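Here the structure is laid out as structure tokens; the discussion comes afterwards.
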Amino acid sequence: MAVEIDARTVYEPDALVRCGAPLDDDAVKILDPMIVVEVLSPSSAARDTGAKIADYARLPSIRHYLIVDSKSRVVIHHQMDSDATIRTAIV
């Protein structure tokens, strides 16, 4: 599934969680994910840890953005609060 940030920005995260009414069977975009997960790769690392944080923070439904670095066995957890505060933890 793709996450639509705006009419010109759409991302395809590695995993996501959405709560709410079931989507149509032919849906390909989600406008209201709660949790978004990206697994870093050499080609995506800069974008996943940079521009995507700001873009995902624009969606009021997103509460957690997880960046998984399997090479270093680290998960960076960005918790996005309703007051636009982003708290980050590294686990």
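The values are calculated or read from the model by the stated rules, or taken from the named source; none is laboratory data. What you see is a predicted model, and the numbers here were worked out from it, not measured in a lab. Don't worry about glycine lacking a Cβ; one is built from the backbone with ideal geometry, like all the others, and counts go over all protein chains shown. Protein only, heavy atoms only, side chains kept; ligands, DNA and RNA dropped before computing areas. Shrake-Rupley method; radii C 1.70, N 1.55, O 1.52, S 1.80 Å.
Kindly list, by first and then second residue, each pair from a residue in the range 22-34 that is farther than 9 Å from Val3 by Cα to a residue that is open to solvent by 100 Å² or more (accessible area, probe 1.4 Å), limited to pairs with Cβ atoms under 9 Å and residues at least 6 apart or on different chains.
Leu23/Met1; Ala27/Met1
Yes/no per residue for (1) of a type in the set (A, V, I, L, M); (2) open to solvent by 60 Å² or more (accessible area, probe 1.4 Å); (3) not in a strand (DSSP E or B):
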residue: Glu4; (1), (2), (3): no, no, no
residue: Val10; (1), (2), (3): yes, yes, no
residue: Ala27; (1), (2), (3): yes, no, yes
residue: Pro33; (1), (2), (3): no, no, yes
residue: Val37; (1), (2), (3): yes, no, no
residue: Pro60; (1), (2), (3): no, yes, yes
residue: Ser72; (1), (2), (3): no, yes, yes
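Of Leu40, Leu16, Leu59, Leu31, which residue is within 14 Å of the chain's Cα centre (by Cα) and more than 22 Å from Ala89 (Cβ to Cβ)?
Leu31 is the lone residue from the list that is within 14 Å of the chain's Cα centre (by Cα) and more than 22 Å from Ala89 (Cβ to Cβ).
If the requirement is being assigned to a loop (DSSP other than H, G, I, E, B), open to solvent by 30 Å² or more (accessible area, probe 1.4 Å), at negative phi and of a type in the set (A, V, I, L, M, F, W, C), which of these qualifies: Ala21, Ala46?
Unique residue meeting the criteria: Ala21.
Scan the range 39-64 and report the pairs whose first residue is farther than 14 Å from Ile5 by Cβ and whose second residue is among the polar types (S, T, N, Q) and surrounded by 12 or more Cβ atoms within 10 Å (Cβ to Cβ), with Cβ atoms within less than 7 Å and a gap of 6+ or a chain change.
Close Cβ pairs satisfying both conditions: Arg63/Gln79; His64/Gln79.
Being of a type in the set (A, V, I, L, M, F, W, C) and either modelled with pLDDT under 95 or open to solvent by 60 Å² or more (accessible area, probe 1.4 Å) (or both) is the filter here, so list the residues in the range 81-91 that pass it.
Ala84, Ile86, Ile90, Val91 - these are the residues of the range 81-91 that are of a type in the set (A, V, I, L, M, F, W, C) and either modelled with pLDDT under 95 or open to solvent by 60 Å² or more (accessible area, probe 1.4 Å) (or both).
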